[in-house]
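The values are calculated or read from the model by the stated rules, or taken from the named source; none is laboratory data. Model, not experiment: these values are computed from the prediction. No Cβ is skipped: glycine too gets one built from the backbone with ideal geometry, and neighbour counts run over all protein chains shown. SASA here: full protein model, heavy atoms, side chains in, ligands and nucleic acids out. Shrake-Rupley method; radii C 1.70, N 1.55, O 1.52, S 1.80 Å.
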Amino acid sequence: MIIVMEKHTADENIERVTAELVRRGFDVHRSTGSDQTVLGVVGRVDTLDTREFELFDGVQEVVRVSEPYKLSSRTFRREKTVVTVRGVPVGGDQVVVMAGPCTIENEHQVFETARRVARAGARVLRGGAYKPRTSPYAFQGMGVEGLKILRAAADETNMATISEVMEISQIEGMLPYVDILQVGARNMQNFNLLSALGQIRKPVLLKRGMSATIQEWLLASEYILSGGNYDVILCERGIRTFETYTRNTLDISAIPVIDKLSHLPIIADPSHAVGRRDKVMPLARAIVAAGADGLLIEVHHDPEKAVCDGPQSLYPDQFTRLMDELRIIVPAVGRTL
Ligand code: PEP
Ligand code: MN
């Protein structure tokens, strides 16, 4: 349920409504807009008589939300959320590009790649230290030793860092090195992990599960938001379809659909969507043209030698060319790079 307060209503009116909801055992999430405040009410609201709250001073309307997601919806928050990562705003005018290798392999690889992507205009350095590999025999990641390298390379090149968290026990050890914790497609419905990420105060990037509907994806985000962590970025990374030519099928329509349904920033990952480097650039152009707030792209300084996802990793020169192309597209859709 959502309670829309009258424009410019006194704070004490908002507090009175909030106190009554809390007294009745509901969780209240406040969204303070430029001229209007909205309260998201979470709990067993089905038996509640909405008129009781409509009669409070300062209440404009009480809306029972028909979508099962609440805090991530545009009904709860009309203005777009801007998640600020080390001074970089994700969800504002700027299209934010996150780039780097699939997995952290060694110092030379991360620093070489970081220098090249930073020079081309990337703002966030990616690199997995815990890898969700389809095969248990494949390289599983360097762990915290890898994250130290990622942090050092990002500091040298003035970038933020993003890395995947696979389970609750990894969260604490990652916090000193990682600015955005990424939840991978395979973990989108790991509800215990999502709830634990709701308790931290660091941005979380929630990738879409490979067979998740948009509603399931937004409900997954709700696990993080309802814990009080409002810094959630969504990432479309391709879904599984009957097509086998590409690794997955990029659901480009998810970008405008999410923008309509939710205030959360939405970015997309063309690398895991298409799975081959020769198709990453056209998809990246389409993602930006469709209105995404950013891109997550795999780049490796020497993709042929990559331990993981080499065939879909761009060469640094390709990444530079892509950024040059985006500089032409971005102003055409009213954004900056
Ligand atoms: C990744 O970004 O490294 C990754 C494993 O992606 P996904 O979870 O989308 O497969
Ligand atoms: Mn990868």
Relative to 2.2 N^0.38 Å, what does the C-alpha radius of gyration of the stretch 258-337 come to as a ratio? Two decimals please. 1.14
log10 of Debye I(q)/I(0), alpha-carbon scatterers only, for the stretch 185-330 at 0.12, 0.17 Å⁻¹: -0.51, -0.97
Computed about the Cα centre, the charge dipole of the stretch 236-337 from +1 Lys/Arg and -1 Asp/Glu charges at the Cβ has a magnitude in debye, to the nearest 20, of 160
Rounded to whole Å and ordered largest first, report the semi-axes of the equivalent ellipsoid of the stretch 1-118 derived from its Cα gyration tensor (root of 5λ). 42, 16, 12
Highest to lowest packing among 200-212, 1-13, 223-235, scored as the average C-beta count within 10 Å: 223-235, 200-212, 1-13
Within the accessible area of the stretch 161-307, what % is carbon and sulfur when the probe is 1.4 Å and the other protein chains stay in place? 53
Divide by every residue of the chain the summed helix terms, -39500 (n - 2.57) for each DSSP H run of at least 4, and state the resulting mean residue ellipticity at 222 nm, rounded to the nearest 500 deg cm²/dmol. -10000 deg cm²/dmol
When the chain is treated as a Gaussian network with springs between alpha carbons less than 10 Å apart, the largest mean-square fluctuation among I258, I214, I266 is found at I214
For the stretch 201-240, what is the Kirkwood hydrodynamic radius in Å, using each pair of distinct C-alpha atoms? 10.4
Can you give the FRET efficiency for A332 and E20, using 1/(1 + (r/R0)^6), R0 = 51 Å, r = Cβ-Cβ distance, to the nearest 0.05? 0.55
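Taking 2.2 N^0.38 Å as the expected size of a compact globular protein, what ratio does the Cα radius of gyration of the stretch 94-166 give against it, to two decimals? Please list the in-between numbers first.
Numbers: Rg = 12.0 Å, N = 73, 2.2 N^0.38 = 11.2 Å.
Expressed relative to 2.2 N^0.38 Å, the Cα Rg reads 1.07.
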Just G128, G43, G275 to compare: in a GNM of the chain, with alpha carbon springs under 10 Å, which one fluctuates most? G43
Leading residue at positive end of dipole, the chain (Cβ point charges), from L326, T9, V88: L326
Quote the FRET efficiency, to the nearest 0.05, computed for H8 versus R74 with a Förster distance R0 of 25 Å and r equal to the Cβ-Cβ distance. 0.75
Please give the FRET efficiency for E145 paired with V82, using the beta carbon to beta carbon distance and R0 = 25 Å, rounded to the nearest 0.05. 0.15
How are the C-alpha pair distances of the chain spread across 20 Å bins, as whole percents from the shortest bin up? 31, 53, 15, 0
Using only C-alpha atoms and all pairs of different ones, pull out the Kirkwood radius for the stretch 166-243 in Å with one decimal. 12.5
Which aspartates and glutamates does K279 reach when only Cα atoms under 13 Å apart count, and residues fewer than 8 places away in its own chain are ignored? D269, E298
Solvent accessible area, Å² - D278, 1.4 Å probe, full protein context: 80
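So, with a 1.4 angstrom probe, what is the percent of accessible area on the stretch 6-98 that is carbon and sulfur?
44
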Would you please put 291-300, 138-147 in order of how densely packed they are, using the mean number of other Cβ atoms within 10 angstrom per residue and starting with the highest? 291-300, 138-147
Place a point 7 Å from the Cα of Q189 in the direction of its beta carbon; the residues of the stretch 209-225 whose amide N falls under 18 Å from it are 209-224
Give the lysines whose C-alpha is closer than 24 Å to that of K70, dropping any in the same chain fewer than 8 places away, or say none. K7, K80, K202, K207, K260
Output the relative contact order of the chain, whole-number percent, from Cα pairs under 8 angstrom with separation of 6+ residues. 16
Considering only protein heavy atoms, what per residue accessible area in square angstrom results for the stretch 146-290 with a 1.4 angstrom probe? 37
